[in-house]
Amino acid sequence: MSAHYARLLAHYPYAVVGMVALVSVTCLIITFTAQKLPEFKNPSDVGAYNCISLYKGFEARGTEISNRLVTWQNMKDATTRNPSIGLLSAMPLERSAGAWTVYNNSAIHRKTRSLDEQGFFCEGSPGAQYSRLVLQGADASEDLFSLQPLLSMCHLDLRLRSISEEFSNICVLSRNDTCCRSWTLANYVAAHGRRASCLDITEADVSQLRDLALDCADYYYNGTLAADCYRTRCAGVPAVCGAAYEVLHYVVDVAFVESAAAADSSSPAAATYAMMFLPVATGIGVRRYYGALAADALRGKGVAVVALEFGLKYELFQEYLKSDTVFVAAASGSVFVFVWLYTRSLFITTMMAVAMAFSLVIAYFFYSMIFELAFFPFVNLLAVVLVVALGADDVFIYAKIWSLAKSEKNNGVFEKIIVDTLAHATRSMFVSSLTTAAALYASYVSAISALRCFSVFAGTAVLVNFFFMVTWLPACFIIHDKWVSSRIFFEKLLPFVVVKGRLVWLLLFGAAAAGSCVVIFYKPRLSLPNVDYFQFFDSLNPFEVYDFKFRDVFGFEKCRQEGGGWQLPIKVVWGVQPADNGDHLDPYSTGTLQFDSSFDLMHHDSQVWLLEFCTQLRNQTFYKPSFGPQLTDCFMQKFANWMKKPCIALDESDSAPCCRASAFPFSRSVFTTCLERYMTSLQNTPTYDYHRGVGGLRFDVESGDVRAVILEFDSAYAFTFKYEPMHEFFERVESWVAERMASAPPSLRNGWFVSELAFYDLQRTLSSGTLTAIAVSIAVACLVLFVTTLNVLVTLCAIAAIAGVIFATIAALTLLGWQLNVLESSTLTVAVGLAADFTLHYVVAYRRCGVVGGGGGSGNAREAGVVFALAHVGSPVALAAFSTLVAGALLLPSRVLAYQQLGVFLIVIAAVSWTFATLLLLSQHLRHKLRPPGHVAVVQPQRKAAASCAPTLLLPEEGVTEEAEEPIDGKQLYDDEGSGVWVLNKSLV
């Protein structure tokens, strides 16, 4: 570090602090006055860009598949199937949701409901628009379709309705202004048995409805029993089964239906779970009622609530995210307490906190004003904990070096103390900050918008924090020093353990690294997410239990799920380029549609080839024939068949030239004339408007010109969230389509295939992008280490330790059930930087002593380097690890999963990093070369390194206990009570 800068700090510390504070405050004012603060909004309602989004941005952008998906959506928005009615699709619609009518998603209007024909339930069926609870017996295997559990269910329902006056304010009302009954299995038994209340049901009533459900389960299971069978007779279904539909579809679990429908079932059907529908709308309106529910209110004598769905997950997440910041504050506060205890200065601790806050402010200034990034994903908030951890680590290191520099008598001049401190501390902080920032910036290679935004913000925050550590922090120490003018463990015990147990540590940590690789890549292996639900809370939260366990346990929910058995479509598109020219760092920017200038559907070669393409596709094994009218699967085939009609119709009208008189392929004039007539006839076909796809021709909304053509078929693959079958589907169809496009005429050669692949694309991007980011981060760390140490052996040892930390951390998190989702991927990216932190501090200290690895230098010299590193940075590194661990533990009680995962990650990374860096890295720098007895190894320091190496201890050769005859820098070595451990005469220090 420049002596001029040290002189500036020594004489003008107040000016340095003032200038840095002025710059920080200026950035603060500019940032928060020039634009709005980031705020939490429902992503579906966001109109502005300045928002923190929880869903938006958590999808891939810029990949081959994402380009097609974005283009597909842009094409649907910019074109229409029907040139004459294209603008109708943009008109706002009013939609009804059972008892509530939603207008533009802004208001819920309560309605009253008539009673059904029996006068028991309010008219209409239960459904996803109602708040619901999943019930289980007190004994997990108990059949709920029996009298005692049903009576307990009835009592629970009454308690839930009377626990708060809020229920009567939000419930659906019957015509007599009372709350409608809940749809429960107990109430269905009462309704079927003509009882006034579920409290009056008998064994006979239960048996009667149970037998009916068992008899009708097979009809429901094979799809012949439908919702309207209650009012209209369904073919092949007994009339009495209509009353059992709602019980089978909404109330009892699928396992009961499957067991009842199985002819060879060896055990009687049992309803393990039952659904209770409250006559209350899901959503924010039920928040106060949910707050009034105590835990004991969800348990009855015979039944208990195991899961909930009130439509409140997002609202509760926002609420808990803010309220649980108390745990983040406690975690940060614990770090500040450790800094206070270590430095014994409230001033230093306070100024460190201010520096961290300013670091985040300036980082956001660069993020929003310089880089002009408008999207701020929630994952960016992880940078707060990262800056606190790194800042505390740097303060510990600087405080220790500052203390040692002042203890050296030959330092003399105050400026020299500052120079020596900055020379050691700045290098250590620079290397750790650079590698951490590089690891974060490496995530920019990811195709996921949220990860790229996080890499920019967090990496910038780390570099800004380093700026404060070399300007603000030294000036604060100088000011504090002008105001206010455990060694045994780190200088004796820990070095002894590291040196003497080096073989044990090598075998132990080597086995741990190998075992970690097995856990990550073989079994149980780090898996990709297999559900598309965004998990907000821990797995025991009743809302999360419902999403992850009960989404496919009940018939009505199973029908609602995308993976409920519908086939993946095969959509082949011509006429538009699969390009995403929007801002990939802003999920709200999807760019504009780019048309293919070479596209010409009316060319003779195009017509012939497209017709052959449809025939060949239907012959593939991944194609599945579809039943019913298929008006949009292959346009050219349908158009050619339509052109085969007689030229003179029954009404004696002349259809020429749009008839069999025109030979295929059609001339351009005939094609143009007949296409308009064909589309008119197609629009008059009722099934065309109700077809679920958007296949066929796509026209320009304004001009009505043909812009694209889409072929849409069903595949033999069912949609699933599992990666392997989706990968097989994509690879098979993609390779076949690409092969066919190679033989297409120039006018159709730019066609491409797309399907419901968004979640698969996210999985694929996470699997490749995360590993790429980790590899780039390790490579950058290797480069920084080599430039810093100029020693290949030291660099290789450090990289081996860092890689071991990364593998062990990922393996531990895998065993704890982590999946490679977006938030976890961000956390693992941070792991690379934090894994290198402690290792780099040891390496810089080791090299500063002047010990050179490799062939040069004796074994005792290398031992001295290890002891020197432990004596100088051992205590601050240990305290940094311990404070990080405590901070992580304080995050665990949070109700927000992100905070909990961050806490677990901090605990694991702190423990693993410290043990690998201290016990493995340092021990493997020692390679003894025996020397004759009586000789003591002395470190030969590099230039200006003698003073730094002096206050250390040395380990002698075996059997050597006599006092060293030659002093080092005037400090006599002696054997401490014959222990074999050589220490310095502290009276000479």
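The values are calculated or read from the model by the stated rules, or taken from the named source; none is laboratory data. Just so it is clear, the model here is predicted, and its values are computed rather than measured. Glycine gets a Cβ as well: all are built from the backbone with ideal geometry, and neighbour counts include every protein chain shown. Note: areas computed on protein heavy atoms with side chains; ligands, DNA, RNA excluded. Shrake-Rupley method; radii C 1.70, N 1.55, O 1.52, S 1.80 Å.
Got a sec? Which residues in segment 817-833 would a label at Gln73 touch, if it sits 7 Å along Cα→Cβ and we count backbone N under 19 Å?
Hits in segment 817-833 for Gln73 at 19 Å: 822-823.
Please work out how much length the chain gains when fully extended from Arg344 to Glu165, using 0.36 nm per residue of separation minus the C-alpha to C-alpha distance, in nm with one decimal.
58.9 nm
Determine the gain in length on full extension of the stretch Arg194-Tyr14; use 0.36 nm per residue of separation and subtract their C-alpha separation, reporting nm with one decimal.
Full extension of this stretch gives 56.2 nm more.
I'd like the distance between the alpha-carbon centres of segment 424-460 and segment 177-201, rounded to an integer number of Å.
Value for the Cα centre distance between the two parts: 61 Å.
Listed highest first by mean packing, meaning other Cβ atoms within 10 Å per residue, what order do 342-350, 801-809, 197-205 come in?
801-809, 342-350, 197-205
Starting from the Cα gyration tensor of segment 137-204, take the square roots of the eigenvalues, sort them a ≥ b ≥ c, and report rounded, prolate or oblate (rounded when a/c is under 1.5, otherwise prolate if a/b is larger than b/c, else oblate).
oblate
Could you calculate the FRET efficiency of Ala140 with Lys722 from 1/(1 + (r/R0)^6), where r is the beta carbon distance between them and R0 is 22 Å, rounded to 0.05?
0.20
At a 10 angstrom cut-off on C-beta neighbours, averaged per residue, how do the peptides 246-257, 831-842, 276-287 rank from highest to lowest?
831-842, 246-257, 276-287
Excluding ligands, DNA and RNA, what is the solvent-accessible area per residue of segment 534-610 at a probe of 1.4 Å, expressed in Å²?
39 Å²
Can you send over the carbon and sulfur percentage of the accessible area for segment 271-397, probe radius 1.4 Å, protein chains only?
Carbon and sulfur together cover 66 percent of it.
If each residue of separation counts as 0.36 nm, what is the full-extension length gain between Thr592 and Leu507 once their alpha-carbon separation is subtracted?
Here the segment from Thr592 to Leu507 would lengthen by 24.8 nm.
So, with a 1.4 angstrom probe, what is the percent of accessible area on segment 123-163 that is carbon and sulfur?
Reported share for carbon and sulfur atoms: 49 percent.
Lys500 versus Arg660, label points 7 Å from Cα toward the beta carbon: distance in nm?
According to this spin-label approximation, the distance is 10.3 nm.
Keeping all protein chains in position, work out how much accessible area Arg749 exposes to a 1.4 Å probe, and write it in Å² to the nearest 10.
Looks like 110 Å² after rounding.
Can you list the residues, at least 5 places off or on another chain, whose amide H is less than 5 Å from the amide H of Val303, using H built in the peptide plane?
It is Ala138, by chain and number.
Hey, for a label at Thr772 modelled as a point 7 Å past Cα toward Cβ, could you say which residues of segment 714-730 have their backbone N under 19 Å away?
What the label zone holds, given the 19 Å backbone N cut-off, is 727.
With all protein chains present, how much of the accessible area of segment 677-802 (probe radius 1.4 Å) comes from carbon and sulfur, to the nearest whole percent?
Using a 1.4 Å probe with all protein chains present, segment 677-802 comes out at 60 percent carbon and sulfur.
Please compute the per residue accessible area over segment 282-362 with all protein chains in place, 1.4 Å probe, rounded to a whole number of Å².
Per residue, segment 282-362 has an accessible area of 42 Å².
Please give the residues of segment 710-735, grouped as numeric ranges, whose backbone N is less than 16 Å from a label point set 7 Å along the Cα-to-Cβ vector of Asn641.
In segment 710-735, the label zone of Asn641 (backbone N under 16 Å from the point 7 Å along Cα→Cβ) covers 711-714.
For Leu568, which sequence-distant residues (separation of 5 or more, or a different chain) have an amide H within less than 5 Å of its own amide H, given hydrogens modelled in the peptide plane?
So Leu568 has HN proximity to Ser715, Tyr717, Ala718, Phe719.
Given the peptides 384-395, 175-186, 735-746, arrange them by the average over their residues of other C-beta atoms within 10 Å, most packed first.
Ranked by mean Cβ neighbours within 10 Å, highest first: 384-395, 175-186, 735-746.
For segment 344-351, in order, what is each residue's ³J(HN,Hα) by Karplus, 6.51 cos²θ - 1.76 cosθ + 1.60 with θ = phi - 60°, in whole Hz (x at glycine and Pro)?
Those phi angles translate into 6, 9, 5, 5, 4, 4, 5, 5 Hz.
Within segment 501-560, report the trypsin sites (Lys or Arg not before Pro) that DSSP leaves as loop and that have at most 15 other Cβ atoms within 10 Å.
Arg525
In Å², and per residue, what accessible area does segment 376-441 have when probed at 1.4 Å with the other protein chains present?
The answer is 27 Å² per residue.
Rounded to the nearest 0.05, what FRET efficiency do Ala329 and Val787 give with R0 = 60 Å and r taken as the Cβ-Cβ distance? Could you check?
Rounded to the nearest 0.05, the efficiency is 0.95.
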